[in-house]
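S.K.: Provided herewith is a single structure, encoded as structure tokens, for subsequent inquiry.
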Amino acid sequence: MASGSAHHATGWAAGVIAAAIVTHAGADTPWHLAAALAFVAGVAGGTAPDWLEIAWWRKKRKLWITHRTLTHWGVGWVALLLGSYRELGHWLAAAPAFGFACGGVMHLLADWPNPLGVPWIARRHSLNLWRSGRCDLIVIAASWVAAWFFAVHGVPHSWSFEPLRRLAS
């Protein structure tokens with residue numbers, strides 16, 4: 001698991017990525033409202049898999065589910081990412097949903113290298129590269145390199161999402 005600071009920093013990068021993709025996809029609105037909503041939701045999504053586990057309705061803010069289970073499930077986050085990307089430009093709520101999903105996926109990518117791993121599909125999988133909080137600078141730097149790439153280039157044309165759009169239609 002990356003540290004809380006690393007998840008916050010990578011969440012900001014996810015917000016930049018989401019806003020850039022919304023803008024490059026031509027789905028932005030006047031006054032850049034869709035990009036701004038995607039950015040804010042991306043920042044929130046960067047820590048969401050952890051705070052969604054907290055039982056906010058109880059006095060003692062304990063976890064309502066085991067850490068790194070349902071809220072860290074890769075299939076759910078990727079489904080939200082692809083589904084909201086498909087709706088960009090058609091539905092205003094798609095931009096913040098896309099940003100939130102970008103943040104969630106970024107969170108999972110930051111947690112993946114440590115021994116506890118992430119349940120991408122069914123079981124947890126770990127890259128087992130380092131222990132929690134050890135190499136946060138690498139994770140943060142990689143997320144900001146990705147943010148720079150998407151801000152400059154958007155989604156490369158060779159990464160066609162058209163088959164996914166047709167499949168979902």
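The values are calculated or read from the model by the stated rules, or taken from the named source; none is laboratory data. Source: prediction; values computed, not measured. Note that we place each Cβ from the backbone using ideal geometry, even for glycine, and neighbour counts take in every protein chain shown.
S.K.: Considering only the range 1-34, how many residues are under 13 Å from A94 (Cβ atoms), of a type in the set (G, A, S), in contact with a helix residue (DSSP H, G or I) (Cβ under 7 Å, 6 or more places away or on another chain) and surrounded by fewer than 24 Cβ atoms within 10 Å (Cβ to Cβ)?
M.R.: 1
S.K.: Within the range 113-145, track down each residue that is free of Cβ contacts under 8 Å to residues at least 24 places away in the same chain and over 12 Å from T10 (Cβ atoms).
M.R.: If the condition is that a residue be free of Cβ contacts under 8 Å to residues at least 24 places away in the same chain and over 12 Å from T10 (Cβ atoms), then P115, A122, R123, H125, S126, L127, N128, L129, W130, R131, R134, C135 are the ones that fit.
S.K.: What is the one condition in (1) of a type in the set (A, V, I, L, M, F, W, C); (2) at pLDDT below 90; (3) part of a helix (DSSP H, G or I) that A34 does not satisfy?
M.R.: With (1) of a type in the set (A, V, I, L, M, F, W, C); (2) at pLDDT below 90; (3) part of a helix (DSSP H, G or I) applied to A34, the lone miss is (2).
S.K.: Which is in contact with a Pro (Cβ under 7 Å, 6 or more places away or on another chain) and farther than 18 Å from A110 by Cβ, of A25, A38, A20, A55? Quick ask: steps written out before the conclusion?
M.R.: Working: A25 fails: in contact with a Pro (Cβ under 7 Å, 6 or more places away or on another chain); A20 fails: in contact with a Pro (Cβ under 7 Å, 6 or more places away or on another chain); A55 fails: in contact with a Pro (Cβ under 7 Å, 6 or more places away or on another chain).
A38 is the lone residue from the list that is in contact with a Pro (Cβ under 7 Å, 6 or more places away or on another chain) and farther than 18 Å from A110 by Cβ.
S.K.: Could you tell me whether any residue of the range 93-107 is under 16 Å from A18 (Cβ atoms), out of contact with any strand residue (DSSP E or B) (no Cβ under 9 Å at 6 or more places or on another chain) and part of a loop (DSSP other than H, G, I, E, B)?
M.R.: Yes, the conditions are met somewhere in the range 93-107.
S.K.: List, please: which pairs have Cβ atoms under 6 Å, are six or more places apart or on different chains, and start with a residue in the range 16-42 that is under 16 Å from A146 (Cβ atoms) and end with one that is of a type in the set (D, E, K, R)?
M.R.: Listed by first residue and then by second, the contacts come to V22/D28.
S.K.: Determine whether the range 86-97 contains at least one residue that is under 23 Å from A151 (Cβ atoms), surrounded by fewer than 23 Cβ atoms within 10 Å (Cβ to Cβ), among the acidic types (D, E) and at pLDDT below 90.
M.R.: Taking every residue of the range 86-97 in turn, none turns out to be under 23 Å from A151 (Cβ atoms), surrounded by fewer than 23 Cβ atoms within 10 Å (Cβ to Cβ), among the acidic types (D, E) and at pLDDT below 90.
S.K.: Tally time: how many residues in the range 40-83 are in a helix (DSSP H, G or I) and modelled with pLDDT of 80 or more? Spell out how you get there, then give the answer.
M.R.: Residues of the range 40-83 in a helix (DSSP H, G or I): 40-45, 48-51, 70-72, 74-83.
Cutting the leftovers down to modelled with pLDDT of 80 or more gives us 40-45, 48-50, 71-72, 74-83.
Matching residues across the range 40-83 total 21.
S.K.: Tell me the residue from W120, W159 that is touching a Gly at 6+ places or on another chain (Cβ under 6 Å), in a loop (DSSP other than H, G, I, E, B), modelled with pLDDT under 90 and not β-branched (V, I, T), please. Break it down into steps so the answer makes sense when it comes.
M.R.: Values: W159 fails: touching a Gly at 6+ places or on another chain (Cβ under 6 Å).
When all the criteria are applied, what remains is W120.
S.K.: Please verify whether H107 is in contact (Cβ under 8 Å) with a residue 40 or more places away in the chain, buried (at least 23 other Cβ atoms within 10 Å of the Cβ) and either over 23 Å from V145 (Cα atoms) or of a type in the set (D, E, K, R) (or both), treating the condition exactly as stated.
M.R.: Working: in contact (Cβ under 8 Å) with a residue 40 or more places away in the chain: yes; buried (at least 23 other Cβ atoms within 10 Å of the Cβ): yes; either over 23 Å from V145 (Cα atoms) or of a type in the set (D, E, K, R) (or both): no.
When the stated conditions are applied, H107 does not pass them.
S.K.: Residue by residue through the range 119-136, note down the ones that are surrounded by 14 or more Cβ atoms within 10 Å (Cβ to Cβ), within 13 Å of R68 (Cβ to Cβ) and out of contact with any Leu (no Cβ under 8 Å at 6 or more places or on another chain).
M.R.: P119
S.K.: Among the residues of the range 2-31, how many are over 15 Å from the mean Cα position of the chain (by Cα), of a type in the set (A, V, I, L, M, F, W, C) and not in a helix (DSSP H, G or I)?
M.R.: Matching residues across the range 2-31 total 2.
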